[in-house]
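Take a look at the structure set out below.
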Amino acid sequence: MSVLTIDVGTSMIKSVVFDDRGAEIAVSRQATEVLRPHPGWAEQDMEAVWNAVVFTVRSVLAELAERADPVWLVSFTAQGDGAWLVDDRGRPTGPAILWNDGRAGELVAAWQRDGILEAAFRRNGSLTCAGMPNALFSWLAGHDPDRLARSRTSLTAAGWLFLRLTGVRASDESDASAPFLDHATGDYDPQILDLFGLSAYERLLPTVLGESERIAEITGEAAGQLGLPAGLPVVMSPYDIAATARGVGVVNPGQACSILGTTLCTEIVRTEVDTGGEPSGINIAYRGRERVLRAFPTLNGAEVLGWAARMLGLSGPPELAESAFRSEPGARGLLFLPYLSPAGERAPFLDPGARGSFWGLSLEHSRDDMARAVFDGLSLVLRDSLAAARTDISELRLCGGGANSDAWCALIADATGVPTARSGDTELGAKGAFLTGLVRSGAESSMHRAAAKYVRMQRSWQPDPERAAFYTALYEDFLDRRALVRESGWRGGAVWRGGGGAEPAGEPASGADPGTPAAAPADAPTHPRPTGTAPGGPRV
């Protein structure tokens, strides 16, 4: 007997079938389009997403038919946040607005200036960004109030899929965690709604289902479209980053993982919500009120590697890695701040103006050194997230496309001072949905037992003591340089706006984007920096 899992990502939808040993036996993928009708917007056609689900499910079932291995359970995960608005009949009132939509950026910046973001973070431990429902409700209220009036419920991607599969309008606790959840009660916090001036839109929020409640039968209509038997149990798993943590076996307090993908998302399991420290990241309800996943989903990740490869004339991240690990730890004194997203950074600190820069660049540096500095900088971002989590961990499990690089996994162990390990599975969001489905259906007694039984780690790396000491010193320099540029406003040079004459030197034109800072000059202020290199040359 098999378990069918569905993973509704932002750019790819996957259906994966697992056998009774937890092995992947069939996979189907279908790309989906992110619509960008205006600068900064990110939307999806909700019916197109459902149609892609239908296609991938039918594809894996066709493959499964050859094995005579019937499906007995459906479990799914999906991208989080955003606003997937439907009317009283469950029909979309427009395209889904996604988690990475930036139209509400100015609203979020104003809330930050006014202290509203920090006040909300001190209540539930999640820091608002532009793609969260509170920001999108506020933007729609000012720019498209008719759509809000026509909408009955604001779902997430998972809520939309659960509605199409079972007819139930609901949210799981992980999706509800940011920005409105009261972790103590498992319901929405009216004071957070009041903070953002959104009490009138509480009517849009779906019922929050507890961990044991997120299971229902598939409807006859959905079963017919998908080619499944009517009445199969369907489980709504936590949203994708939380499902991935489960898929890599991070289920107990003190366990941690990092997703090396579009986001460098570092997640640590805790027993209570963390509302201290600098407001950043999110606290995700992970198992009722017994477990919390402290997560730091950055805006800068794999795209930085792609950018660096293009700038250095390399074919892509794999060739960039080959170049990087021909250099030495610390890139012969070259330091890189990897904040290249036009939206700045959101974790482990929130600063929409954050920009990247090289420090210490000279004619003596090679392409290999620049590539190495990029990998060093991204690895120190992971250390930064672990520091912000303020939780001791004994191992960091790695997943995502970047985890395919042995050299980077080893570097992360050195840069964080924590042993790293890589999963033997590939579709880890789907694997997390598989584990959740087994527990919710009663096939396994607990998530701890299910993870111990079905999660397989492939390889591990221990920090080299001398390299770890080197990166501890480099991390302090990384923080010093970042503080310096944050204090000066992440400034770049003037931006050319045309018109037949040069722009004034130094100050950008009115309304200009400050842009990306140039490499730090050789006579930049001196800060402590590690000297020497770790012995033994680069580890590959």
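Lys and Arg at +1, Asp and Glu at -1: add these up for the other residues within a Cβ distance under 11 Å of Val381 and post the number.
That sum, taken over residues with Cβ under 11 Å, equals -1.
Considering every alpha-carbon pair of region 289-393, the percent of pairs per 5 Å bin, from zero through the bin containing the longest distance, is 2, 13, 21, 21, 17, 13, 7, 3, 2, 1, 0, 0.
Candidates Asn283, Val439, Leu204 compared by Cα position along the dipole of the chain: farthest toward the positive end lies Val439, with charges placed on Cβ. If the segment from Val34 to Asp19 were pulled out straight at 0.36 nm per residue, it would be longer than the present Cα-Cα gap by 2.2 nm. Put simply, when 276-287, 140-151, 69-80, 53-64 are sorted by average Cβ atoms within 10 angstrom per residue, most first, you get 69-80, 276-287, 53-64, 140-151.
Projecting the Cα positions of Ala387, Val60, Pro348 onto the charge dipole of the chain (unit charges on Cβ atoms of Lys, Arg, Asp and Glu, taken about the Cα centre) puts Val60 furthest along the positive direction. Most simply put, region 2-241 has about 70% antiparallel DSSP beta bridges, counting only bridges with both residues inside it. In summary, region 109-247 shows an alpha-carbon radius of gyration equal to 1.15 times the 2.2 N^0.38 Å reference for compact globular proteins.
Screening the chain for DSSP H helices whose Cα atoms reach 27 Å or more along their own axis and whose mean Kyte hydropathy is at least -1.0 gives 46-65, 367-389, 465-487. Equivalent ellipsoid of the chain: semi-axes from √(5λ) of the C-alpha gyration tensor, largest first, are 38, 29, 21 Å. Every helix of 4 or more DSSP H residues in the chain counts as -39500 (n - 2.57), and over all residues that averages to -10500 deg cm²/dmol at 222 nm. For region 2-241, taking Cα atoms only, Rg and Dmax work out to 18.3, 61 Å respectively. Counting only Cβ charges, +1 for Lys and Arg and -1 for Asp and Glu, the dipole size of the chain around its Cα centre is about 420 debye. Assuming charge only on the beta carbon of Lys and Arg (+1) and of Asp and Glu (-1), the dipole of region 2-241 about its Cα centre is about 380 debye to the nearest 20. Over every Cα atom in region 423-475, the radius of gyration and the widest Cα-Cα span, Dmax, amount to 17.1, 49 Å. Once you put a point 7 Å from the Cα of Asn51 and another 7 Å from the Cα of Arg152, both along the Cβ direction, what distance in nm separates them? For Asn51 paired with Arg152, the spin-label model returns 2.5 nm.
If you find the alpha carbon centre of region 352-409 and of region 212-260, how far apart are they in angstrom? Taking the Cα centre of region 212-260 as reference, the centre of region 352-409 is 31 Å away. Counting only Cβ charges, +1 for Lys and Arg and -1 for Asp and Glu, the dipole size of region 65-130 around its Cα centre is about 140 debye. Are there trypsin sites (Lys or Arg not before Pro) in region 365-443 that DSSP puts in a loop and that have at most 14 other Cβ atoms within 10 Å, and which ones? Qualifying residues, ordered by number: Arg390.
Each value in this text was obtained by applying a stated rule to the coordinates, not by laboratory testing. These numbers were taken from a predicted model, which means no experiment stands behind them. Neighbour counts are summed over all protein chains in view; Cβ atoms, including those assigned to glycine, are modelled from backbone coordinates with ideal geometry.
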